[in-house]
Structure formats: C-alpha cells, structure tokens
Amino acid sequence: MNDQPLPLLPLVLGRAPRTLRQALAQEGVPFVEQAVMPAGGRFVLFDSAASTGAHALPGQTAIDLAGVRKAWNIDPFEALEDEQVVRRGWRLGPLAVGENVARHDKRALRERLLADLRKLVENAGGIWLRVSAFPFAYRTAFNFRIDHDDYHAADFEATLTAAEGYEDAISHYVCASTHARQPEALARLAGRHVGSHGYWHHTYSDSAENVKNIGRGIEALRTAGIEPAGFAAPHGRFHRGLYEALASLGVAHSSEFALACDELPFYPYDGRVLQLPVHPICLGVCLEAARDGRHAGVNEADAAQVALAHFRQVIDEKHRAGEPIFLYGHADGRLGRYPHVLRETLAAAAGYRDLWRTTLAEFADWWQARGRLSLDVVEYDGQLTVRGGRTAGGRQCAVEYFRGPNVARLPLDGPLVSFSAADPIMQSPLPAPRTYPAPFDQPEDFRVSLRRYLDWEKVTPVEEISTRTWRGWAKKTLRRIKD
C-alpha cells in the first residue's frame, strides 16, 4: 500500500448479511467484496454475529453491523428476507380496500436500516453518496402496468383508446389463453412493451407447473409475432417456486407486490430475475370494495373516482419523495369500464416535467446498467472526487451526496466529477415523508386461506392439472367432484 489514503467509497463488505448487499445495491451506494478488493475502501463493514473480526488493513476503519441492530426490536436483515404474505387494508375516503401483500414494509425497513448505517459511517469519518435511482435530471419515474387477464373487445378497445398519446409510460402483460385467439387485438399491441402474464391466469405453488404455464404463455405470444419482455404474476404472488421457473426460462424481470410493494427494484435470492415492485392498490380492489355490501351508498362509479383520487395522490407524494411510481390495473371489467381513470391518471403524471415516463422493460434495462457502474470517491484538500462515472444504458447518471438534512444532486458528466465536501452545489432538503394511507391488518377469511393453501383455482382445465404434488392431486380431485 502507498501513503495515499484509501477511498472514502466504496464500502468494503466482509462477513455481512446478503440483504445488506441487496439494500446497498438498491440505494446505489458503492461497495466491494473484501474477498475481491480487500483494500478497496477506507471502511470495512462486518457482522460480529457471523465473524470474530473485521480483518481490517492499515488505514481502514471497521464498522460492526451489530451497532445497527441495537435500536431494532427485530433483526432488520432477516426481515428484508421475509417472504410471508398477510392481508392488509387501507382506508380510501369512504372505502376500505384490501390486498395480500408482503408482511413487512421493505421500503421502510431499507430506508431506516440505511439511515442507521449512514450515521455509523459518518460518525467514523465517512460520507454517504449514492447513484441516483433515475437518470439525470429526472426526479422519479412513472409507469402504468396494464394486466390483460381476460379479453372483452369493448374493454380492450376502451383501454387502448384511453392510453393513446401516453404509450411510452405503459407496459402490457398479456394472459395468452384468453388472447391467443384474438390476433387483431394482439396486433394492436405491436411496437409497445408487452410482457407475459402466463397462459392460464394462475400462479402455481409448484415450480414445474409455473415453468409449464409461463413457458406456454411466452410461446403463444411469440407465435402471434410478439416477443414478450418480462413477466407479471397473476394475483401479484411471488415465491421461490415462481422465481425458479422464471430463472430457468430466462425471464429478465417480473413485477409483483407480494414480495415487496412501493419499493426500489432488487434481485431476490441474489439471482438473475429483477423484481420491479408495484403499488398494490388498483381500480379493481376499489370496485370490489364497493360491491361487498359494507359501504352503503357507495356505488362502482363512486369507487372509480376514489381510485382516481388515490392515484393522483400517490403520483404527487412519490414524485416529491423521489420514489418510482409504478401503478397497475386490469383492462377487462375495470379500466375498460372506467377508462377515464386511466386517462386522467396518465395525464396527471405527464404534468411533472422531471418525471421519466417509461416502460417497465426500459426501466429494467436502466436499472441493470446502473448496477454495473463501479465508482469510488476520494478526498483531497476539501474536495470530493467521484471517479469512474459514465452513462448507464446510454443515459446520463447522477450522484446524490448527503450532508446533514440536505442532499446535493450532481450529474456524472465525465470520468471525474469534483465538488466541495463542505459546500456542494445544487443543495436541497431531503424529501418529505409520504402520507398516503397507512395500512391496517385485515384478517383473512379462513376459506380464502384454505384455498390459497390448497393452490385452489378454476382456470386450469381439469385434464391439465398435474398430480405430481399432493396439492395438485387434491385440487384435481375436488375439481372433478365439484364439476
């Protein structure tokens, strides 16, 4: 080693939880593995619960992650790994809507975890700097994902008409069993981002059944002349069996809300399939709430207005917070019946000049390119210099430097970008916290839980239900009895 001090960044990770790597990658904070670059940076993170020491080199400072856990009543690293799904409810004006989502708010967990880590790093003499989640000079990104579960000609036409002029911000995920026999409809989607929504509209518990269903759906779209990019699981489900199927089929990204919602993209299981979480509340759950008999005097038209007001609020608050705005809905019986909800939501997003309107496929490409950046930050004579900057996926990147309650956003407009550590340019306050509705527990009906446990559904033809698992055998038997 020479006499020059080591870079302030990247952080060097020794024995550390997998989910810390995931969170840092989401945040865009540069890090390297100690086994690969032991002298890559000045600060070494290690977990004393898994290691006896940090093995720091001269000039390095060791930071024990046990200091992060001290203020928590749960292990935040384990909570980020949790896959349990629970029933949550939200109060939207006169409606109480519900959906099955991840038990933990992983966005809130990640933000608090990294805020705690930032304090430890800064108290040790380090800095907190990250690559922005969006290209320069966007504050956020917007996409509306349309799931085509079933085909109704009038609804399909109304949905596409409502989307006219905003196609750059829309992604279509098509269920092939209901659309493969509609070549004219599929031809309307040519040139747009189209992903797979499976063949039969069901997410199976078994990995092999998912491989069969998803692969069949992809091939059906290819036969129709569409090369699908990505996948969205029916009912927003996600589990390891689905991930294994997607990975084996070479699917690049998927988009759900059961593993995480309202969160930055990430790679589950350190894998190859990028997860693009969406906001879990859609027009459909509002219409369902209006029909369930618990909301006297609220009809479906009222519920559509509630959904529209909610979408506008989410767009505004996520824009101010600098978070991705990924909404979703269904063409059949929902957006197609109330197309003004889609049209006015798209128009609301278009009103923000620093909002990137993008497809999920395009955003996934950006995120993968962003993840390949390799930056370091050195300090000399009161100046910080970011080295290694370049474009990602052809788009200019930005870095965000945190100092106290403020953040400075600077474009990476060259391989070396320098600024004053004490007085960075473009300083602005940190984003305000979100206030859109807080969730509450909504106990699930026992019959609904039992159906999910049995992997119960009625869309797969009885003769195609596999009996290789006990759930498949039970479902096939019960379906035959019921039929």
Please tell me if V174 is buried (at least 23 other Cβ atoms within 10 Å of the Cβ) and β-branched (V, I, T). yes
If we scan the stretch 236-249, do we find a residue that is under 30 Å from A350 (Cβ atoms), assigned to a helix (DSSP H, G or I) and either acidic (D, E) or in contact (Cβ under 8 Å) with a residue 12 or more places away in the chain (or both)? yes
So W356 fits all but one of (1) more than 14 Å from T140 (Cα to Cα); (2) at pLDDT 95 or above; what number is the exception? (1)
Taking only the stretch 373-399 into account, find how many residues are in contact with a strand residue (DSSP E or B) (Cβ under 7 Å, 6 or more places away or on another chain) and surrounded by fewer than 20 Cβ atoms within 10 Å (Cβ to Cβ). 9
Name the single residue, out of those in the stretch 40-89 being buried (at least 20 other Cβ atoms within 10 Å of the Cβ) and under 20 Å from the mean Cα position of the chain (by Cα), that is nearest to P7 (Cα to Cα). F77
Matching option when the condition is over 20 Å from Y436 (Cβ atoms) and either touching a Pro at 6+ places or on another chain (Cβ under 9 Å) or crowded, with 21+ Cβ neighbours inside 10 Å (or both), among L264, L246: L246
Members of the stretch 450-483 found to be over 16 Å from E209 (Cα atoms) and basic (K, R), listed by number: R451, R479, R480, K482
Might you let me know whether the stretch 447-459 holds any residue that is touching a residue at least 40 places away in the same chain (Cβ under 8 Å), out of contact with any Leu (no Cβ under 8 Å at 6 or more places or on another chain), surrounded by fewer than 15 Cβ atoms within 10 Å (Cβ to Cβ) and not in a helix (DSSP H, G or I)? no
Consider D147 carefully, then state whether it is of a type in the set (D, E), part of a helix (DSSP H, G or I), modelled with pLDDT of 95 or more and within 22 Å of the chain's Cα centre (by Cα). no
Looking at A124, A133, A71, can you tell me which residue is at pLDDT below 95 and more than 20 Å from A438 (Cβ to Cβ)? A71
Quick one: is F238 closer than 21 Å to H193 by Cβ and in contact with a helix residue (DSSP H, G or I) (Cβ under 6 Å, 6 or more places away or on another chain)? no
Only one of G93, G98, G165, G126 that is on the phi > 0 side of the Ramachandran plot and out of contact with any helix residue (DSSP H, G or I) (no Cβ under 6 Å at 6 or more places or on another chain): G165
If the requirement is being in contact with a His (Cβ under 7 Å, 6 or more places away or on another chain) and of a type in the set (S, T, Y), which of these qualifies: T460, T467? T460
Might you let me know whether the stretch 381-402 holds any residue that is acidic (D, E), closer than 22 Å to F142 by Cβ and outside the structural domain of E164 (by TED's automatic domain parsing)? yes
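The values are calculated or read from the model by the stated rules, or taken from the named source; none is laboratory data. Not measured: the values here are computed from a predicted model. Note that each Cβ is placed from the backbone with ideal geometry, even for glycine, and that neighbours are counted across all protein chains shown.
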